[in-house]
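Since the structure comes first, as structure tokens, the remarks are kept for the end.
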Amino acid sequence: MATLDNTSLHLPVENPEAEDFLPLLGTDYVELYVGNAKQAAHYYMSAWGFQPLAYAGLETGLKDRVSYVLQQDKIRLVLTSPLKPGGEINQHINSHGDGVKAIALWVDDAEKSYRETTSRGAESFLEPETFEDENGKVKLSGIHTYGETVHIFVERNEYNGPFLPGYREWNPHYRAEDTGLRYIDHMVGNVGWNEMNKWCEFYAKVMGFAQLVSFDDKDISTEYTALMSKVMSNGNGRIKFPINEPAEGRKKSQIEEYIEFYNGAGVQHMALATNNIIETVTKLRDRGVEFLTVPATYYEDVLDRVGEIDEDLAPLRELGILVDRDDEGYLLQIFTKPILDRPTMFIEIIQRKGAKSFGKGNFKALFESIEREQASRGTL
């Protein structure tokens, strides 16, 4: 089985304010409910360089759904579609379009994780249950979070199969070259008016997270729109969840647009890390992935603002990659346009060169770019 990093002991402390009564080893997988999993899988393979890993459907005894599992380094995506009308998956797609249903977290003890979170007020989604096949056993449990999103706790130290019991190895002829994506850096949730603090408190109380950083409407605003954001993180820093809410502005913000088209709170974007953002973005762009662009004037003074960097400025300018610096280093980042028909989910590509922050110096240029896209859609 292609596995994540198996180091589960003595994880470094990145966020000492976190209580960390819920040890999390990393993101196990992200499951999206989609209208056509077969075609979505081809998109993430051909455009993004994900590799086929596992499959479950009619051929494996499932009668109501089909799932394709893709992997690139430590990132696992599960794409699930319904096989019959009615039911929860269809309802989710009808309401939200394609979108993230589950953020699965890799743990040593799924039962303890369930007990710790539900005893602190989390609503149960899946009581602890053990699933077995000829490759061993996996214990799963789960809780609800914002909107219809859930967290699944995955205990898999006694399993050697391709993904989970009930899945078989998926080995099609077609395999695209990977694009250098390495792991999930963070996942951002959009919530409604005045709900940011509620969900930040949820992660603090229920999961032992602590706030890394916060941004108010003075940090994240343009002439027209504004939003607020707080970043919650567990102790070892492997799980980081920024939570966004709208703020008052002259026009409709990107958060309001998201909530309108997603029909509620949900995952706005995944930030995927790379060790060479120029190479990764070049490959993605050549395969048809569309990115937001910033005016050429952004690059006229970027080095005055961020100081010396290792990269040549020319390819960053040509690709539209943004740069920002904090006390510990700098980062490079770029954001796709929405990757779905609804203007909801997008993907960020990020390369950290020591920086622990999230690109505050780029917010104005980025959100002005998003506003130009909103204006083209008639939703600003």
Exercise. Would you check which residues across the range 106-122 are over 12 Å from Ile152 (Cα atoms) and part of a helix (DSSP H, G or I) and list them?
Key: Lys112, Arg115, Glu116, Thr118
Quiz prompt | Residues (loosely packed, with under 14 Cβ neighbours inside 10 Å and in contact (Cβ under 8 Å) with a residue 12 or more places away in the chain) located in the range 291-302 | solution = Pro295, Ala296
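Is there a residue in the range 148-155 that is in the same structural domain as Glu88 (by TED's automatic domain parsing) and free of Cβ contacts under 8 Å to residues at least 40 places away in the same chain? Show your work before the answer.
Initial filter on the range 148-155 (in the same structural domain as Glu88 (by TED's automatic domain parsing)): 148-155.
Then keep just the ones that are free of Cβ contacts under 8 Å to residues at least 40 places away in the same chain; that gives none.
No, the range 148-155 contains no residue that is in the same structural domain as Glu88 (by TED's automatic domain parsing) and free of Cβ contacts under 8 Å to residues at least 40 places away in the same chain.
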Self-check item: Residue list for the range 148-191, restricted to those being assigned to a loop (DSSP other than H, G, I, E, B) and surrounded by fewer than 17 Cβ atoms within 10 Å (Cβ to Cβ)
Solution: Asn160, Gly166, Asn171, Pro172, His173, Tyr174, Arg175, Glu177
Quiz prompt | Checking Leu284 against (1) assigned to a helix (DSSP H, G or I); (2) of a type outside the set (D, E, K, R); (3) closer than 30 Å to Gln91 by Cα, the condition it does not meet | solution = (3)
Quiz item: For Lys230, are the conditions met, namely being more than 18 Å from the chain's Cα centre (by Cα), in the same structural domain as Val267 (by TED's automatic domain parsing) and either in a strand (DSSP E or B) or modelled with pLDDT of 90 or more (or both)?
Solution: no
Quiz item: Going by the conditions given, is Glu31 of a type in the set (Asp, Glu), modelled with pLDDT of 90 or more, within 22 Å of Ser141 (Cα to Cα) and not in a loop (DSSP other than H, G, I, E, B)?
Solution: yes
Exercise. Please state which of the following conditions Gly142 fails to meet, knowing it meets all the rest: (1) in contact with a His (Cβ under 7 Å, 6 or more places away or on another chain); (2) among the small types (Gly, Ala, Ser); (3) over 22 Å from Met270 (Cβ atoms).
Key: (3)
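Taking the stated definitions as given, is Met187 closer than 26 Å to Ala273 by Cβ and in contact with an Asp or Glu (Cβ under 8 Å, 6 or more places away or on another chain)?
Working: closer than 26 Å to Ala273 by Cβ: yes; in contact with an Asp or Glu (Cβ under 8 Å, 6 or more places away or on another chain): no.
Taking the combined requirement at face value, the residue does not satisfy it.
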Quiz item: Name the residues in the range 306-359 that are small (Gly, Ala, Ser) and either touching a residue at least 60 places away in the same chain (Cβ under 8 Å) or in a loop (DSSP other than H, G, I, E, B) (or both), would you?
Solution: Gly307, Gly320, Ala355, Ser357, Gly359
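The values are calculated or read from the model by the stated rules, or taken from the named source; none is laboratory data. Just so it is clear, the model here is predicted, and its values are computed rather than measured. So basically every Cβ, Gly included, is an ideal-geometry build from the backbone, and we count neighbours across all protein chains shown.
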